Structure formats: C-alpha cells, structure tokens
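The values are calculated or read from the model by the stated rules, or taken from the named source; none is laboratory data. The shown structure was predicted, so the numbers you read here are calculated from the model rather than taken from an experiment. Positions of Cβ are generated from backbone atoms using ideal geometry, with glycine treated the same way; all protein chains shown enter the neighbour counts. The area values use the complete protein model at the heavy-atom level, side chains included, leaving out ligands, DNA and RNA. Shrake-Rupley method; radii C 1.70, N 1.55, O 1.52, S 1.80 Å.
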Amino acid sequence: MAGLLFLMVVGLWVWAAVVLARWMSRRFLSQRPWRRYASIGLFMLILPLPVVDEIIGGFQFRALCEEGAKLKIDEKRILGKDVKLVVTPKDSPELIPHTAIPIFHYHYSYRDVYTDEEYAQYETYTAKGGVFIRALGISNKNSPLIIDDPAYCGQAVLLHKQYQFNQVNWLF
C-alpha cells in the first residue's frame, strides 16, 4: 500500500513539474522555438526539488563518513590490554548541526581500564530521510530515498578479536 501511495505521489509530482515548466516557459518566453527548450530545462530543474535536501545531505553524509568513521588505533599499545568502551553521547545520538538532512553521530573510544588512556576511536553516522519522505510518512525508519539503505557508516563491533585485547564492558 505504501508503494502505491509513493508511486501516486511521484506521478503527481511529475505531472505538476510538466505543467509548471510549460506555464513558466509560456509566461516568460514569447518566441516559440525557445519555449520547448526552456520548458525541458525548467522541467529538469523542477523535478528533483522534493529530494534536493537529500542530494545535498548525501554529499554531506559521505564527507562525514570519509573523514570521521575511520578507525584510529594504536595496534601495538592495545595488544593484550584490559580496555573499556566509552560511547558519547551516552543516551541518544547527537544530531550533527547545519546538515541538509538529519545526520546522527556517536563517538566510540576504547580506553585503558586503569589509566583511561585512549587506544582506539571511531565515529558512527546515521542519516535520516529528507522533508519529502518524512512528510509522506511511509517509512518507519524515515530512510533516505537517495542514500543507500542503511544510511549508516562506522566500524565493526568486534574489534577485540582482530586486535587481541580484552574488552571488559559490553554494550549488549
């Protein structure tokens, strides 16, 4: 049912974009040969408007993932240590400000149990859909239409096996 609603809304938007592009080209251009080209150009500009925030947000999300979601680890010093995992913020993810779509963030830090010295860290990011998909309300997770689902980037949880350290606290 949600798929039919989505197709109906998309079809309605395509029709509205065609009508609006034709109306604008007729209103502002008096010469006939240019109207067709202007109408096509206007249609191509109007069509992606409902998801333009996701297009921009997708670039922002990928940039955040490339920059912050990489594991930074001191492999030699973490070997054989008792390590605790510290997640900030503790309760709910932090909303990244000034992004076109909602992007949420957690910071993971692996610290020595006794000295609180940091041995490894990484970030995770999760993106939600733009205004269009949230307004439709057809997705429980409000997943983005443009960004691959799941709109998540981060590291594997089981780092202790790969880097041979003892994790003393667990999130699960």
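Among the residues that make up region 160-167, is at least one of them in contact (Cβ under 8 Å) with a residue 60 or more places away in the chain, exposed (fewer than 14 other Cβ atoms within 10 Å of the Cβ) and not aromatic (Phe, Trp, Tyr)?
Yes, region 160-167 contains at least one residue that is in contact (Cβ under 8 Å) with a residue 60 or more places away in the chain, exposed (fewer than 14 other Cβ atoms within 10 Å of the Cβ) and not aromatic (Phe, Trp, Tyr).
What about residue 150, is it closer than 29 Å to residue 50 by Cα and modelled with pLDDT of 90 or more?
It is false that residue 150 is closer than 29 Å to residue 50 by Cα and modelled with pLDDT of 90 or more.
Checking residue 138 against (1) in contact with a Leu (Cβ under 7 Å, 6 or more places away or on another chain); (2) outside any loop (DSSP other than H, G, I, E, B); (3) at pLDDT below 85, which test does it fail?
The failed condition is (2).
Does any residue in region 115-144 that is on the phi > 0 side of the Ramachandran plot come within less than 8 Å, Cβ to Cβ, of a residue that is open to solvent by less than 20 Å² (accessible area, probe 1.4 Å) and not in a loop (DSSP other than H, G, I, E, B) six or more places away or on a different chain, and which pairs are these?
142/133
Would you confirm whether or not region 120-135 contains a residue that is surrounded by fewer than 16 Cβ atoms within 10 Å (Cβ to Cβ), in a loop (DSSP other than H, G, I, E, B) and among the hydrophobic types (A, V, I, L, M, F, W, C)?
no
Check off (1) part of a helix (DSSP H, G or I); (2) open to solvent by 100 Å² or more (accessible area, probe 1.4 Å); (3) within 30 Å of residue 152 (Cβ to Cβ) for residue 70 and give me the number that stays unchecked.
It fails just one condition, (1).
Looking at the structure I just gave you, is residue 59 open to solvent by 60 Å² or more (accessible area, probe 1.4 Å) and either touching a residue at least 24 places away in the same chain (Cβ under 8 Å) or of a type outside the set (A, V, I, L, M) (or both)?
Yes; evaluated as a whole, the condition is true for this residue.
Per-residue answers, yes or no, for (1) out of contact with any Gly (no Cβ under 7 Å at 6 or more places or on another chain); (2) at pLDDT below 85; (3) under 30 Å from residue 80 (Cα atoms):
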| residue | (1), (2), (3) |
| --- | --- |
| 109 | yes, no, yes |
| 115 | yes, no, yes |
| 145 | no, yes, no |
| 158 | yes, yes, yes |
| 164 | no, yes, yes |
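Here's a check for you: in region 73-113, which residue that is surrounded by 15 or more Cβ atoms within 10 Å (Cβ to Cβ) and of a type in the set (S, T, N, Q) is farthest from residue 126 (Cα to Cα)?
The extreme case among them is 109.
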